[in-house]
Amino acid sequence: MQSETPLTIPADSRFLLATSRVPAELVLDPPAGAAQDREGAFLLDVLVDRGQVAGLFPAGAGPVDGSRIMLDGRHLWPALIDMHTHLDCGQSIPRVRSDGTIHGGFSQTAADWPLWTDADLSLRMEFGIACAHVHGVSAIRTHVDSETLSLSQRGYSVFEKLRHKWAGRVELQAVTIAAMEAWIGEEARELADLTVSRGGILGGVTDTLERGENGTYDTLDHALDRLFALAKERGLDIDLHVDQTNDLSAFTIPQIAAARLRADFQGRVVLGHCVNLSLQPPDVIEKTLVLAKQAELAFVSMPTPMMYLMDRKPGRTPRWRGVTAANEIRAAGLALAIGGDNCRDAWFPYGDHDMLDTLKQAIRIFQADEPLTGSLAMASRVPADLIGRPDLGRLGAGLPANLIIFSARSLNALICRDQADRIVLCKGRQVTDPLPLHHELERALGFSYRRS
Ligand SMILES: [Zn+2]
């Protein structure tokens, strides 16, 4: 077997990526006459000019002037989108220790908050962004822990600096996350104003709200009404953490749908997690998705940490994958994106901000294959649209040349191998930064390895 000669990407501002293979769902306006392979990918010549995709042509029909890089049928994708992360919690291993449960995740994180200085947050958050950049992620939405106003101010101040620093490479968005009580509390208005001043949107955790004696969420409607009102006044979208539990009675999607309709809210509403939906009886799933459609709700699932966290009992193998009813959501015509979620923190001690890895996990955990095509949009077009960036997550003329070249010539091969040799282009330039090193971060943070 011969090894391949590595591709060389020229520093020219104009070049042709010849004979590339682009999955149909990732192409905007494919050119007439382009051939498709067995897996539905188009064979294309892609012209890059001054940081943008300047034109798509059937393979062999691209312009012959200038540099030409023969991709020889390699897969060429747009950079991926991670629309659900927690950069402020991330990279805190080994300072915090995950016990593999949601409750442990929260209590360990809360115990870590006092250590979140500007320098600490900045080092850990930027590490996560840099990993994503090298792996080929062009936009990240992150939730900013906002349990108190001062915690939120600290998180947003670091976020704002990083957002400016990374603009044009990794586009950053933020969501204010707090218990839903925050939106009926005294600081609600201030928290919403802080969010809008930092370009963020509003969020919250719906299923952890205190419940009445009969198990119903007596105050959730009130909190949702306040949240929708605050978002509406400020023209903000909403992105919630919803039903991260196997408790069937902690089921808040119908109340969120009703609140959205009641508020006549025009912004986007994204529901993250919704894992107990998949445990509900089929008629409840069906009814809920009809309601979700009426209320124009969109969904984002985080398969990797949810499979890790859900259904964990000491000494017992989990019986449930811990994810939402992904295929039913998609079959109902509702938007479903995937996200990486927590990374090396008290909630989930693993991960590397690699959305290709998340996509592969999602495909296997949801059984979202056969065909594989159709599922790729969960990490690209769908989240790009949900975060309001229709210029990202797809390959098309006039869009930024944020691209990933894989060595794989088929989707099957792409899923099988780790694609560690992928080449990432950011605005037409090859990303040559190495992945940041864990031990260097730990040294900078002053983490100790002494046994305590
Ligand atoms: Zn989350």
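Across the range 134-149, the qualifying residues are those that are open to solvent by 10 Å² or more (accessible area, probe 1.4 Å) and within 16 Å of the chain's Cα centre (by Cα), and the one among them that is farthest from the ligand (Cβ to nearest atom) is V134.
Just to check your reading of the model, which residue among R381, R394 is modelled with pLDDT of 95 or more, open to solvent by 40 Å² or more (accessible area, probe 1.4 Å) and either over 23 Å from L289 (Cα atoms) or not aromatic (F, W, Y) (or both)?
Details: R394 fails: open to solvent by 40 Å² or more (accessible area, probe 1.4 Å).
Being modelled with pLDDT of 95 or more, open to solvent by 40 Å² or more (accessible area, probe 1.4 Å) and either over 23 Å from L289 (Cα atoms) or not aromatic (F, W, Y) (or both) holds for just one of R381, R394, which is R381.
Taken together, the criteria exclude T109 from residues that are open to solvent by less than 40 Å² (accessible area, probe 1.4 Å) and under 16 Å from the mean Cα position of the chain (by Cα). Within the range 79-100, the only residue that satisfies the criterion of being at positive phi and either surrounded by 24 or more Cβ atoms within 10 Å (Cβ to Cβ) or under 20 Å from the mean Cα position of the chain (by Cα) (or both) is Q91. When Y308 is tested against the conditions (1) over 14 Å from the mean Cα position of the chain (by Cα); (2) away from the ligand (no atom under 16 Å from the Cβ); (3) open to solvent by 40 Å² or more (accessible area, probe 1.4 Å); (4) within 26 Å of S92 (Cβ to Cβ), the lone failure is (2).
For the range 398-413, a tally of residues being more than 23 Å from the chain's Cα centre (by Cα) and part of a loop (DSSP other than H, G, I, E, B) returns 5.
Being within 16 Å of L121 (Cβ to Cβ) and in contact with a helix residue (DSSP H, G or I) (Cβ under 8 Å, 6 or more places away or on another chain) holds for only one residue in A174, A192, and it is A174. Among the residues of the range 58-106, just one is within 16 Å of the ligand (Cβ to nearest atom), more than 14 Å from N342 (Cβ to Cβ) and either touching a Phe, Trp or Tyr at 6+ places or on another chain (Cβ under 7 Å) or without any contact (Cβ under 8 Å) to a residue 40 or more places away in the chain (or both), namely H103.
Does at least one position in the range 199-213 carry a residue that is hydroxyl-bearing (S, T, Y) and touching a strand residue (DSSP E or B) at 6+ places or on another chain (Cβ under 8 Å)? Within the range 199-213, one or more residues are hydroxyl-bearing (S, T, Y) and touching a strand residue (DSSP E or B) at 6+ places or on another chain (Cβ under 8 Å).
Residues in the range 414-439 that are open to solvent by 20 Å² or more (accessible area, probe 1.4 Å), out of contact with any strand residue (DSSP E or B) (no Cβ under 7 Å at 6 or more places or on another chain) and in a loop (DSSP other than H, G, I, E, B): R417, D418, A420, D421, T432, D433, P434, L435, P436, L437. Conditions: (1) touching a helix residue (DSSP H, G or I) at 6+ places or on another chain (Cβ under 6 Å); (2) among the hydrophobic types (A, V, I, L, M, F, W, C); (3) open to solvent by less than 20 Å² (accessible area, probe 1.4 Å). L411 meets all but one. Number of the miss? If we test L411 against (1) touching a helix residue (DSSP H, G or I) at 6+ places or on another chain (Cβ under 6 Å); (2) among the hydrophobic types (A, V, I, L, M, F, W, C); (3) open to solvent by less than 20 Å² (accessible area, probe 1.4 Å), just (1) comes out false.
Being at pLDDT 95 or above, within 16 Å of the ligand (Cβ to nearest atom), surrounded by fewer than 24 Cβ atoms within 10 Å (Cβ to Cβ) and under 28 Å from Q108 (Cβ atoms) is a description that applies to P349.
The values are calculated or read from the model by the stated rules, or taken from the named source; none is laboratory data. It should be emphasised that the depicted structure is a prediction, and the values quoted were computed from it without experimental measurement. Glycine gets a Cβ as well: all are built from the backbone with ideal geometry, and neighbour counts include every protein chain shown. When the accessible area is computed, the model is the full protein with side chains, heavy atoms only, and any ligands, DNA or RNA have been set aside. Shrake-Rupley method; radii C 1.70, N 1.55, O 1.52, S 1.80 Å.
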